[in-house]
Structures are given as C-alpha cells and as structure tokens.
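Only one structure is covered here, and it is reproduced in the block below.
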Amino acid sequence: QVQLVQSGGGLVQPGGSLRLSCAASGIVFSDYHMAWYRQAPGKQRELVASITTGSTTNYVDPVKGRFTISRDNAQNTVYLQMNSLKPEDTAVYYCRATKYVFDYWGQGTQVTVSS
C-alpha cells in the first residue's frame, strides 16, 4: 500500500518559517519525481515546487528565493522549507509522487500565515 504521510505546517507569523515533510512508503522513492502543491480557499490547486529523480528543482515565481524543495532518498522523504512566509502563502499544502502513470498524493497539511 502506497502512503505519503505529511507533517509540519501550522500557524506562523508573516516573515516566519516552516518546514513541511512528506514521508513515502510502498514505493521505490528514488524512482519518483516529487512535488509540492497548494490550494488556497476558493482557488484551484497549484504547483509550488518540484524535484526530479536527479534532484533538479523548479519553483513557481511567487516562491522563488523563499522556498526550497529537497529530497532524502535514504529517508524516503521530500521536504519543503518555507522562509519569509507571507499571508498569501496560506493554503493547504500537498505532496505528490509521480512516475509514468503512477500518481500519489499526500493527505494535505494546513499552513496559515497570519499575525
């Protein structure tokens, strides 16, 4: 059974930092491209950052220079380090694992940026 279990998230003040984790089981983690998405209230889910099996990273413009995606294949985990958080970063964040037709999602975790 494939599971992507997320942890981290919560409430943080503007300018603060959080780190999200997504631990995978039931897959050969190193074979999967990994990504983080987010969905704000009333909006569609959007890509935030991705990392390939070769650890090439990609970020959407609003988070460039503030967020860092990384992976630890020995721990079967992908991370999203979020710095200089803004209220507009408030959303439910999801991790995603993809390989060919295989596509798995984490359960989602709430990130709220507010004073």
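Springs join every pair of Cα atoms under 10 Å in this Gaussian network model of the chain, and among T56, T90, T98 the largest mean-square fluctuation is at T56.
Solvent-accessible area per residue in the chain equals 53 Å², computed with a 1.4 angstrom probe and all protein chains kept.
Note down the relative contact order for region 1-90 as a percent, whole number, built from C-alpha pairs under 8 angstrom at least six residues apart.
On the way: 159 pairs, mean separation 28.5, N = 90.
Value for region 1-90: 32 percent.
For the chain, the fraction of C-alpha pairs more than 18 angstrom apart is 45%.
Per-residue surface analysis assigns K64 an accessible area of about 110 Å², computed on protein heavy atoms at 1.4 Å probe radius.
Annotation: I69 carries an accessible surface of approximately 10 Å², with a 1.4 Å probe and no ligand, DNA or RNA atoms counted.
The values are calculated or read from the model by the stated rules, or taken from the named source; none is laboratory data. A quick note: this is a predicted structure, and the numbers were derived from the prediction, not measured. Protein only, heavy atoms only, side chains kept; ligands, DNA and RNA dropped before computing areas. Shrake-Rupley method; radii C 1.70, N 1.55, O 1.52, S 1.80 Å.
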